[in-house]
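Derivation of every value follows stated rules applied to the coordinates shown; laboratory data play no part. Keep in mind that what you see is a predicted model, and the values were worked out from it rather than measured. Here the Cβ positions follow ideal geometry from the backbone for every residue, glycine too, while neighbour counts run over all protein chains shown.
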Amino acid sequence: MSSSISSSDTSVEWGRCLAACFGALALGAALIAAVVMSVDPYDSGRFGWFGIAGVNDRNPWTANASRARDPQFDSAILGNSTGQLLQPAELDKATGKRFVQLVAPGADPRGDLAILDFFAGQHTTIGALVVVIDQPWCANDLPPLPQDAFPYWLYEAGALRYLGHLFTWPALDRVVQRIAIGRGSRKPIRPDGYWSYEEVWPPGAKHPAAAEPARAAPFDGKITDTFPYAVMLASAIARLPRDAPVVLLMPPTFYAIVPPSRSREAARHEACKTAYRSIISGRPNSNLIDYRLDNALTRDPANFVDLIHYRAIIARKLEQGIAASLRDGEAAQINF
């Protein structure tokens, strides 16, 4: 006696097997999606139904989304790493406001503008904004965004586009971090965002070498350069409440790269400063402070890590200038 299995029976069994396999995959993907959305790995506020507070994200480009929507802060510091040493706690004491550090080291100014818009959209009342206008903000044209660009999808995109970036290894790693925070086995990082690079380069460990100041031929021409980032910042600030104070701070550099007096670079710096000053003209308790000077503080190598990153002694001076500006606007007495 013999038996056989027809090809149709085999096809049915294979079909059932494939259906079960794809069904399991779909169910697994749905479960992962539910967990990811419930946790909201970047704490963007778009999802996050578990109610976990804070992140353990060490990358400020992504961690700033959580900080920018934290309701305990009404004021923000924005810019590149040249604003990183400004302490929110010091500004809190001097102004009575609640500052959060939202600098994005290495980001294009367009990234800073995306964070600014996100912060403004999360707060009905804005106590103050400090924007650090370093040299990239005075560029004459907009460079193309790099392939590994700032995560604009985190700050500007709708929920659907944001969801499309949550099924990556970095996002899943942050899911694990946030679950650990929710369980109490891991603490969120400091909510005001402050981190000092002097922890890596303590005083005396690193500083620029003394050098002859830059020299250049006298320039008597007219600067016709345009400053597109100033136009973009003007648009962003125009969307803020009219009574929100704004301090634009041009940070100090080591004296060796301060533009020589009467040079074309010095004239260009003045033109850039004029473009940014016009943004806050007439806005109450607002000011533009230019600290890019050749003086005793900027000539001391011990006050800098490198040509553009200053140390704490200078940061404390800058905080005093910010506080004075928020109190007295353009009439502030700046001691530097």
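One table, with the values for the structure above:
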{"item": "Candidates V132, V103 - the one that is more than 10 Å from the chain's Cα centre (by Cα), crowded, with 19+ Cβ neighbours inside 10 Å and touching a residue at least 12 places away in the same chain (Cβ under 8 Å)", "result": "V132"}
{"item": "Pair list, Cβ < 7 Å and 6+ apart or interchain, from the range 240-261 residues that are within 22 Å of G127 (Cβ to Cβ) to residues that are among the polar types (S, T, N, Q)", "result": "P245/N285; P245/S286; V246/S286; V247/S286; V247/N287; V247/S325; P251/T82"}
{"item": "Matching residues in the range 267-323 - criterion: being touching a Lys or Arg at 6+ places or on another chain (Cβ under 8 Å) and of a type in the set (S, T, N, Q)", "result": "N285, N303"}
{"item": "A89, sole failed condition from (1) part of a helix (DSSP H, G or I); (2) buried (at least 17 other Cβ atoms within 10 Å of the Cβ)", "result": "(2)"}
{"item": "Selection within the range 124-170 - under 30 Å from K93 (Cβ atoms) and assigned to a loop (DSSP other than H, G, I, E, B)", "result": "T124, T125, I126, G127, I133, D134"}
{"item": "In the range 55-65, the residues that are within 13 Å of R190 (Cα to Cα) and either in contact with a helix residue (DSSP H, G or I) (Cβ under 6 Å, 6 or more places away or on another chain) or without any contact (Cβ under 8 Å) to a residue 40 or more places away in the chain (or both)", "result": "V55, N56, D57, N59, N64"}
{"item": "Matching residues, the range 266-302, being over 21 Å from N335 (Cα atoms), of a type in the set (S, T, Y) and assigned to a loop (DSSP other than H, G, I, E, B)", "result": "S281"}
{"item": "Flag for A34 being over 15 Å from the mean Cα position of the chain (by Cα), touching a residue at least 12 places away in the same chain (Cβ under 8 Å) and surrounded by fewer than 19 Cβ atoms within 10 Å (Cβ to Cβ)", "result": "no"}
{"item": "For L160: the one exception among (1) surrounded by fewer than 22 Cβ atoms within 10 Å (Cβ to Cβ); (2) of a type in the set (A, V, I, L, M); (3) without any contact (Cβ under 8 Å) to a residue 60 or more places away in the chain; (4) in contact with an Asp or Glu (Cβ under 9 Å, 6 or more places away or on another chain)", "result": "(4)"}
{"item": "Residue count, the range 323-336 (criterion: part of a helix (DSSP H, G or I) and in contact with a helix residue (DSSP H, G or I) (Cβ under 6 Å, 6 or more places away or on another chain))", "result": "2"}
{"item": "Enumeration of residues in the range 31-55 that are among the aliphatic types (A, V, I, L, M) and assigned to a loop (DSSP other than H, G, I, E, B)", "result": "I52, A53, V55"}
{"item": "Cross-chain or 6+ apart pairs with Cβ under 8 Å, the range 277-294 first and surrounded by fewer than 19 Cβ atoms within 10 Å (Cβ to Cβ), then aromatic (F, W, Y) and assigned to a loop (DSSP other than H, G, I, E, B)", "result": "L293/F336"}
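Quick grid of which residues meet (1) surrounded by fewer than 24 Cβ atoms within 10 Å (Cβ to Cβ); (2) assigned to a helix (DSSP H, G or I); (3) of a type in the set (A, V, I, L, M, F, W, C):
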{"position": "D57", "(1), (2), (3)": "yes, no, no"}
{"position": "R67", "(1), (2), (3)": "no, yes, no"}
{"position": "I77", "(1), (2), (3)": "no, no, yes"}
{"position": "L85", "(1), (2), (3)": "no, no, yes"}
{"position": "A94", "(1), (2), (3)": "yes, yes, yes"}
{"position": "K97", "(1), (2), (3)": "yes, no, no"}
